[in-house]
Amino acid sequence: MSAPAITPVVVRLKLSLLRNGLRQSGGRRAAYIASAVLVLLFAALQLIGLIALRGVGHAESLVVLLVAVLGLGWAVMPLFFPSGDETLDPTRLVMLPLRPRPLVRALLVASLVGIGPLFTLCMFTGSVIAVARGGAAFAVGVLAVPLALLVCVALARAVAAANVRLLTSRKGRDLAVLSGLVIAIGAQVVNFGAQRLGSSGLGELDPVAGVLQWIPPASAVGAVHAVGEGAHGTALAQLALSVAALVVLLALWSRSLTRLMTAPDGSTLQTGEKAVRERSASGLARLLPAGRTGTVVERSLRYVWRDPKTKAAWVTSLAIGLIVPVFNAWQGTGSVYFACFAAGMLGIQMYNQFGQDTSAFWMVAMTISTTRDAYAELRARALALLLITLPYATLVTVLTTAMLGAWRRLPETLGLSFALLGAMLATGAWTSARFPYSIPQEGHKNVAPGQVGLAWISIFGGMIAAAVLCAPVIALTIWWNLSADGQDLLWLLLPVGTAYGALLTLLGLRLAAPQTARRLPEILTAVSKG
Amino acid sequence: MTEGTQADGAAVRVRGLWKRFGEQVAVAGIDLDLPAGKFIGLVGPNGAGKTTTLSMVTGLLRPDQGTVEIAGHDVWRDPVAVKARIGVLPEGLRLFERLSGRELLAYSGRLRGLPGAEVDKRATQLLDVLDLAGAQHKLVVDYSTGMRKKIGLAAALLHNPEVLFLDEPFEGVDPVSAQTIRGVLERYTASGATVVFSSHVMELVESLCDWVAVMAAGRIRAHGPLAEVRGDAPSLQRAFLELVGADGRDASSDLDWLGGGAR
């Protein structure tokens, strides 16, 4: 096969794959067409919006940010949706006698086919129209749009090729579980960002855009704006940066392609790298108490890091627990009491403890013979949780008070946080024993079919109960805040809240332990449906 | 160690065991005495109730009715004495797969209250004997079926139980791993311990066990020393087919067109 002939072949291959994929089922075809229409509608609206932005002050900052976010999206997509494009997997072409250079060209052209690139093209075109001022700027724009698009596509391809071994392995599937999380947290950030922009105007973006306009592919659009401003030197530098990025990405992609197609697949071979981790892990074990407590704490912490579902839940809690109070404080609309959100979010991790074990809970059940065993097990799980939660909730609270400059309120907020955390641990332990449910290990679902009601009772019943349990501390806070001589007593809420939280936790564990010990087979049945 | 079992010679005593799942009766009244120190096979076709029975005997599933005693201790009233004396390898339940093989053994040994140094010593030996030393730092989620069965067996043996319950320990296991498992189990019973394992592969049961219980449709159809259950039949397979009443089913009259000749 001669080199120039490959490109149309690969493009046709991509089109056939697309067509055949759609031919498989009507539902899939409908879904594809619906999503295509939606994406194109969205793109058209955005395009109109961007054109309307033309002439608005600071529009270039928004546009640069948009292009940068799109570029980031292209970089991240292949990691989360690896099965989206079969031509993305170069190992499928490994048996064909192809040289890297024409192959790279062919694959690059092929990846320009699809809804994603079309959407990106619309965005970039709109961006250029929004910021271009004058004929020269439009001329540069004609160059900048395809350049930025190529950088995006090359970025996606380079990332995918570099990680293809990862993406086809178990680790890749683990990563896919985390993808929903990135979207959830991203949505939070975008939400807060939009609120902030709505309240204080696009000028807020200027410092961010100042940095981003030098990063490809945003630098290509930055160049269009710079030409319009008459800063030809800046424009040239920005364009050159995008071109350089494209060249570097293509070179990297080509290199990993060559390596992929010539080196054996190492994913099934045994490696020695795990031994290093083993040593560091036993370092952790030395710090923990012996017996069931240390053993369970160690396993719980390992699972936070290694189990994709547990990790996703934790990262969501950590991120949202930070974002809500801190972003609100940053906007100046927040109250220090929002800091309690961190404790509440993290406390949720105590819920459905045994469901997090999946059917492996039998290994725990086989070793619990008495209420004391069950108590030690639950206490150790609460301890593992506190090891992360306590410093984190403190950090978030201090950060929030610092941003609001309300240092005087730090003790009471901390006290409330700890009381809430204690209440969450207590109700979490009890509902874990009383209302366990399965967490399916595959996919994005977090509740097994048929157990949704159980999960709702467990989580929302528990949270309401936790709020009610916290009522005395909340009432005390309100009372002391309102009464004239209560102001001087507010610092007392820190020791009171902490002691109350600790008491609630101990009480919750005490009540949950006999339930757990008595209901072991029932819990096992409930958590084995995933 | 075996004082409880030697008193009456029964390692496991089951009386009137019942379990229903909705309409379906999974176990329909089992009475059984399993002798101590023997290699015992629980055989039966798929769906006979073997897993349900073993789950109830080991305390992982609550029976609707009936009692189970292990070494003279009631499974439901005296879990302290029972859980320390038994080792279990269930079928269809996960392990803590995000631990490495060695971490899993360390975890389960310490959870059972053994001193850490002793757990690590035993784990090293078990990993060696079971041919898992090379994969001990790999996560169990990346193990093959045979490796999972072996690490599960190691976890079940770690605390040196009196009675070992294995549900389909050879299912999906390659011949090399199967031989390794066999060797370990034979050595274990030779020291006076009891193994109870379930299987639907008669040849395997015949070659391994000295005592069998045949189960079908939730009931025990026959039990006793292997020779007794086999009786006059040429193999356990034949005897089993006679017992469950599947012997007369001969396929030769139907499917007479089958033979790879003319179409």
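The values are calculated or read from the model by the stated rules, or taken from the named source; none is laboratory data. What you see is a predicted model, and the numbers here were worked out from it, not measured in a lab. Positions of Cβ are backbone-derived with ideal geometry, glycine not excepted, and every protein chain shown enters the neighbour counts.
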_If A:W479 satisfies all but one of (1) part of a helix (DSSP H, G or I); (2) within 14 Å of chain B (Cβ to nearest Cβ), what's the number of the condition it fails?_
(2)
*Residue tally, condition modelled with pLDDT under 90 and closer than 26 Å to B:S55 by Cβ, over region B:218-244*: 4
*Taking the stated definitions as given, is B:A117 surrounded by fewer than 17 Cβ atoms within 10 Å (Cβ to Cβ), of a type in the set (A, V, I, L, M, F, W, C) and not in a loop (DSSP other than H, G, I, E, B)?*
yes
*Inspect all residues belonging to region B:99-109 and state whether any of them is farther than 16 Å from B:V14 by Cα, of a type in the set (F, W, Y) and outside any loop (DSSP other than H, G, I, E, B).*
yes
*Taking the condition surrounded by 20 or more Cβ atoms within 10 Å (Cβ to Cβ), within 14 Å of chain B (Cβ to nearest Cβ) and either closer than 30 Å to B:E91 by Cα or touching a residue at least 40 places away in the same chain (Cβ under 8 Å) (or both), does A:A384 pass?*
yes
*Evaluate region B:155-174: report whether one residue or more is among the β-branched types (V, I, T), assigned to a helix (DSSP H, G or I) and over 19 Å from B:T58 (Cα atoms).*
no
*State yes or no: is A:G266 at pLDDT below 85 and in contact with a Pro (Cβ under 8 Å, 6 or more places away or on another chain)?*
no
*Of all residues in region B:191-204 being among the aliphatic types (A, V, I, L, M) and modelled with pLDDT of 90 or more, which is nearest to the chain's Cα centre (by Cα)?*
B:V196
*Name every residue in region A:482-530 that is buried (at least 18 other Cβ atoms within 10 Å of the Cβ), farther than 22 Å from A:S369 by Cα and within 14 Å of chain B (Cβ to nearest Cβ), in order of residue number.*
A:G530
*asked:* Looking for something buried (at least 24 other Cβ atoms within 10 Å of the Cβ), within 14 Å of chain B (Cβ to nearest Cβ), part of a helix (DSSP H, G or I) and of a type in the set (G, A, S) - is there at least one such residue anywhere in region A:346-353?
replied: no
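The rows are residues; the columns are (1) in the same structural domain as A:V159 (by TED's automatic domain parsing); (2) modelled with pLDDT under 75; (3) in contact with a Pro (Cβ under 7 Å, 6 or more places away or on another chain).
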position	(1), (2), (3)
A:A187	yes, yes, no
A:L212	yes, no, no
A:G228	yes, no, no
A:A245	yes, no, yes
*Would you please name the residue that is nearest to A:P308 (Cα to Cα), looking only at residues in region A:189-199 that are exposed (fewer than 15 other Cβ atoms within 10 Å of the Cβ) and modelled with pLDDT of 70 or more?*
A:V189
_Positions within region B:112-127 being more than 8 Å from chain A (Cβ to nearest Cβ) and of a type in the set (D, E, K, R), in sequence order_ = B:E118, B:D120, B:K121, B:R122
*State which residue is nearest to B:A227 (Cα to Cα) when the search covers only region B:184-204 and only residues that are without any contact (Cβ under 8 Å) to a residue 12 or more places away in the chain and outside any loop (DSSP other than H, G, I, E, B).*
B:A190
*Can you name the residue in region B:128-144 that is within 8 Å of another protein chain (Cβ to nearest Cβ) and outside any helix (DSSP H, G or I) and, of all such residues, is farthest from A:R292 (Cα to Cα)?*
B:K138
_Flag for A:A329 being in the same structural domain as A:L509 (by TED's automatic domain parsing), small (G, A, S), under 25 Å from the mean Cα position of the chain (by Cα) and at pLDDT below 90_ = yes
*Under 7 Å by Cβ, and 6 or more places apart or on different chains, what pairs join a residue from region B:211-230 that is outside any strand (DSSP E or B) with one that is of a type in the set (F, W, Y)?*
B:L226/B:W211
*Would you mention how many residues in region A:364-386 are assigned to a helix (DSSP H, G or I) and either of a type in the set (S, T, N, Q) or within 23 Å of A:L454 (Cβ to Cβ) (or both)?*
9
*Give B:R219, B:R148, B:R230, B:R187 a once-over and let me know the one that is within 21 Å of B:L104 (Cα to Cα), surrounded by fewer than 23 Cβ atoms within 10 Å (Cβ to Cβ) and of a type in the set (D, E, K, R).*
B:R148
*How many residues, within region B:62-111, are more than 8 Å from chain A (Cβ to nearest Cβ), basic (K, R) and without any contact (Cβ under 8 Å) to a residue 12 or more places away in the chain?*
1
*State yes or no: is B:G59 surrounded by 16 or more Cβ atoms within 10 Å (Cβ to Cβ), away from chain A (no Cβ under 14 Å) and either in a helix (DSSP H, G or I) or out of contact with any Cys (no Cβ under 9 Å at 6 or more places or on another chain) (or both)?*
no
